[in-house]
1. Return the single residue from LEU122, LEU136, LEU80 with maximal mean-square fluctuation; model: Gaussian network over the chain, springs between Cα atoms under 10 Å.
2. Under a crude label model (7 Å from the Cα following the beta-carbon direction), how far is ALA101 from ALA52 in nanometres?
3. Calculate one ³J(HN,Hα) per residue across region 59-69 by plugging θ = phi - 60° into the Karplus curve 6.51 cos²θ - 1.76 cosθ + 1.60, and present them in order as whole Hz with x for glycine and proline.
4. Mind sorting THR50, THR3 by how few other Cβ atoms lie within 10 Å of their own Cβ, fewest first?
5. By how many degrees, 0 to 90 and rounded to 10, does the Cα axis of helix 37-47 deviate from the longest principal axis of the chain?
6. State the antiparallel share, in %, of DSSP beta bridges confined to the chain, rounding to the nearest 5.
7. From the residues GLY72, LEU51, HIS16, which one has its Cα farthest along the dipole of region 1-113 in the positive direction, the dipole being from +1 and -1 charges on Cβ of Lys/Arg and Asp/Glu about the Cα centre?
8. Quote to one decimal, in nm, the extra length available between ARG73 and VAL30 on full extension: 0.36 nm per residue of separation minus the C-alpha distance between them.
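What follows draws every value from the coordinates through simple rules; no lab data is involved. These figures come from a predicted structure and were not determined experimentally. Heads up, the Cβs are rebuilt from the backbone with ideal geometry, glycines too, and the neighbour counts pull from every protein chain shown.
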Amino acid sequence: MTTVDESELRSFLHEHTPKWITEQEASLRVIAFPLTSELHERLAPFFGDTLADARISSVPMSSPAWYSDLLGRGVDQRDLLDFSNLVAITFNTAVNLLPDAPEPTMGLLFHEFVHVLQYRLLGVQEFARRYVDGWLAGKGFLDRPDLRYVSIPLERQAYDLQARFAAAPDSAFSVEAALQQETATA
């Protein structure tokens, strides 16, 4: 058995993750619903037309089937993000909420729609690359997946904008402009 080193793991994830994201989006969009008019009206001042194609579903999630191959090749389970335990996850335009999770807050939905916009600005391939690289960069938090997760730069952006929204929910701002400004100064 050949073990997978970090460089091989990164390459594997860069190659397979975008396709998995696209497959998840396609399967979820079949069962997902468009935003309610109330939700769209509430969030449109922050996201503009980004929400027009967004859909929301609520089904159990599982990690990619190819995780078992990686584990069989010696990849540490802690180096693979467990998608089945995430309260919410976004696959491009499809936001999925864990069915057993508490009722989603406006803040959580705002956070997930930041990801929809990140996908729109970056494309699936680049979003996946940055997400994988951010996750792998957090190896110092190997035994704290919660800290590793929130240290992913794309998640950090979403949490920061979610906090900005929570601090002044009636003060609309352009999430797209905020993301572009952060990207320009990074």
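1. LEU122
2. Modelled inter-label distance: 2.7 nm.
3. Whole-Hz 3J(HN,Hα) from phi for region 59-69: 9, x, 10, 9, 6, x, 4, 6, 4, 4, 5.
4. Values: THR50 20, THR3 10.
Ordered from fewest to most neighbouring Cβ atoms within 10 Å, THR50, THR3 come out as THR3, THR50.
5. 80 degrees
6. Numbers: 6 of 9 bridges.
The antiparallel fraction comes to roughly 65 percent.
7. LEU51
8. Working: separation 43, 0.36 × 43 = 15.48 nm, distance 3.40 nm.
Once the chain is fully extended between ARG73 and VAL30, it gains 12.1 nm.
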